[in-house]
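Chemist: Starting off with a structure, shown below.
The values are calculated or read from the model by the stated rules, or taken from the named source; none is laboratory data. This is a predicted model, so every value here is computed, not measured. Here the Cβ positions follow ideal geometry from the backbone for every residue, glycine too, while neighbour counts run over all protein chains shown.
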Amino acid sequence: MTREKRELLNKLQELEAEAKELLKADDANTEKIESVTKEIRDVKAKLEALDELEREVDLGRMRQYEDKVDGVKAFFKALRREPLTDVEAALLTTGTDGESYLIPEDVKTKINELRRQYKSARPLIGSYPTTTLTGTLVFEDISTVTELTNFTDDNTELPASNNPKFTTVNYTVKAYGAILPVSRALLQNETGGLLDYLGRWFNKKAIRTENKKIFETLKLNKTPKELTGFKALKKSLTVDIDPALESEIVIVTNQDGFAYLDDETDTTGRPILQPDPTKPTQKLFMGYPVVIFSNAELPNVVDANGTRAPIFYGALNEGAIFVNRDVYEFSSSEHAGFTKNQIFLRIIEYFDVVQADKDAYVYGELKLS
């Protein structure tokens, strides 16, 4: 890390700490908050520019070798723990512990393509890319948004009531990974479908983990709203969600919750879930898309009061944020699998899920009967 980047990161931490203290004050100085927030944005912009410059330098260095270096071949050489050329080592970029590597872009692209085969909750919530392990997100609560001020008169001042009210959320990116034993014989053949298998194996585990963290985060600080029948859900959508968020509303439930709603009809005998004319496999409730996840990922709530299906509805993209470091790190070891002629592969991804505007959505429990 360059001295300039290290100094900017230190300054960013100091500014974020200052912003937190300012926001805690009962008589918050909005001008100072705006000034510090602007400084934070400026420092982050400089960091992003430095990162982009570093990436361009690395790309420029690698373009002269792109006819000679194949990311997939370099990836498999590293897995087999074979010596890498200087160019291959530069392509993979040594990882954090000196024994790991960052997955090259063409292999990473393949893994991301295979993700589309599985049901991910990530598109339902907000997204924030980061290059740091810790940081702070600042957002404006929807309930505090005010109208614009008429500045027709040059002497008009912004009223205090129109000053934005910001909320800060801290994130800490964590490492999530898994280990897979791979036959040495299979590892020798880079075109034998191993890459596809690795991608499917990792994605199934990664998406299940991400979904679990997303649903856990969406339940934070929420008292479940008891819903008895689809009419209660309909009323809650009308009175509990800010109409300003109407275009962002989505409904998420499990298999049992969806089956319950799918069986219901209105007074004319028409099903309450209607097909989306633009997406044949999508169902709508009051015009809002209904997204279904398995009972394994969203289990029912069962107690003395009966069985209830979990259901989230509202602007989930405002309610939670997926903080993504957007790197896959891998390493291999032959020690554990020595007696079986295997190599053990470890793949790690880095992310966090944080709650943002908890008033933008509702967590309910739909009574099943």
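Chemist: Could we say that Ser369 is over 22 Å from Ile125 (Cβ atoms), touching a residue at least 40 places away in the same chain (Cβ under 8 Å) and buried (at least 20 other Cβ atoms within 10 Å of the Cβ) here? Before the answer, list the steps.
Modeler: On the way: over 22 Å from Ile125 (Cβ atoms): yes; touching a residue at least 40 places away in the same chain (Cβ under 8 Å): yes; buried (at least 20 other Cβ atoms within 10 Å of the Cβ): no.
When the stated conditions are applied, Ser369 does not pass them.
Chemist: Can you tell me which residue within segment 343-357, out of those that are surrounded by fewer than 19 Cβ atoms within 10 Å (Cβ to Cβ) and of a type outside the set (A, V, I, L, M, F, W, C), is modelled with the lowest pLDDT?
Modeler: Of everything passing the filter in segment 343-357, Arg346 is modelled with the lowest pLDDT.
Chemist: At negative phi and loosely packed, with under 14 Cβ neighbours inside 10 Å: which single residue out of Ser236, Ser247 fits that description? Reasoning before the result, please.
Modeler: Values: Ser236 fails: loosely packed, with under 14 Cβ neighbours inside 10 Å.
Going through Ser236, Ser247 in turn, just one is at negative phi and loosely packed, with under 14 Cβ neighbours inside 10 Å: Ser247.
Chemist: Going through segment 203-239 one residue at a time, which ones are over 17 Å from Lys367 (Cβ atoms) and not in a helix (DSSP H, G or I)?
Modeler: First, pick out the residues of segment 203-239 that are over 17 Å from Lys367 (Cβ atoms): 203-222, 238-239.
Those that are over 17 Å from Lys367 (Cβ atoms) and not in a helix (DSSP H, G or I): Leu220, Asn221, Lys222.
Chemist: If you don't mind, there's one more thing I want to ask. Cβ-Cβ distance below 7 Å, separation of 6 or more or different chains: which pairs start in segment 96-124 with a residue that is at pLDDT below 90 and assigned to a loop (DSSP other than H, G, I, E, B) and end on one that is among the small types (Gly, Ala, Ser) and crowded, with 16+ Cβ neighbours inside 10 Å?
Modeler: Every condition considered, the pairs that remain are Glu99/Ser331; Ser100/Ser331; Pro104/Gly71; Pro104/Ala74.
Chemist: Return yes when Phe322 is under 30 Å from Lys234 (Cβ atoms), crowded, with 16+ Cβ neighbours inside 10 Å and under 15 Å from the mean Cα position of the chain (by Cα) and no when it is not.
Modeler: yes
Chemist: Here's something else I'd like to know. Scanning segment 250-270 for residues that are at pLDDT 95 or above and assigned to a strand (DSSP E or B), which turns out surrounded by the fewest Cβ atoms within 10 Å (Cβ to Cβ)?
Modeler: Val250
Chemist: Kindly provide the set of residues from segment 144-186 that are at pLDDT 90 or above and among the polar types (S, T, N, Q), ordered by number.
Modeler: Those that are at pLDDT 90 or above and among the polar types (S, T, N, Q): Asn170, Thr172.
Chemist: Also, quick follow-up: Starting from segment 12-35, keep only residues that are under 17 Å from Leu47 (Cβ atoms), then list their pairs with residues that are basic (Lys, Arg) and part of a helix (DSSP H, G or I) whose Cβ atoms are within a distance under 9 Å, requiring at least 6 positions of separation or different chains.
Modeler: Leu12/Lys44
Chemist: Hey, among Ile272, Ile251, which residue is touching a residue at least 60 places away in the same chain (Cβ under 8 Å) and either in contact with a Leu (Cβ under 7 Å, 6 or more places away or on another chain) or within 20 Å of Ala232 (Cβ to Cβ) (or both)?
Modeler: Values: Ile272 fails: touching a residue at least 60 places away in the same chain (Cβ under 8 Å).
None of the others qualify; the one that does is Ile251.
Chemist: Filter segment 101-137 for residues that are of a type in the set (S, T, N, Q) and farther than 18 Å from Trp201 by Cβ and give the result.
Modeler: Ser127, Thr130, Thr131, Thr132, Thr134, Thr136
Chemist: Within segment 1-55, can you find the residues that are modelled with pLDDT under 80, among the β-branched types (Val, Ile, Thr) and not in a loop (DSSP other than H, G, I, E, B)?
Modeler: Scanning segment 1-55 gives Thr30, Ile33.
Chemist: Between a first residue in segment 325-339 that is within 21 Å of Val107 (Cβ to Cβ) and assigned to a strand (DSSP E or B) and a second residue that is at pLDDT 90 or above and among the polar types (S, T, N, Q), which pairs have beta carbons less than 6 Å apart while being 6 or more apart in sequence or on different chains?
Modeler: Arg325/Thr130
Chemist: Residues that are modelled with pLDDT of 85 or more and over 30 Å from Glu39 (Cα atoms): does segment 130-143 have at least one?
Modeler: No, every residue in segment 130-143 fails to be modelled with pLDDT of 85 or more and over 30 Å from Glu39 (Cα atoms).
Chemist: Out of the residues in segment 212-232 that are crowded, with 18+ Cβ neighbours inside 10 Å and touching a Lys or Arg at 6+ places or on another chain (Cβ under 8 Å), state the one that is farthest from Pro123 (Cα to Cα).
Modeler: Leu227
Chemist: Moving on. Please go through (1) charged (D, E, K, R); (2) within 30 Å of the chain's Cα centre (by Cα); (3) at pLDDT below 95 for Lys340 and return the number of the only condition it doesn't satisfy.
Modeler: Failing condition for Lys340: (2).
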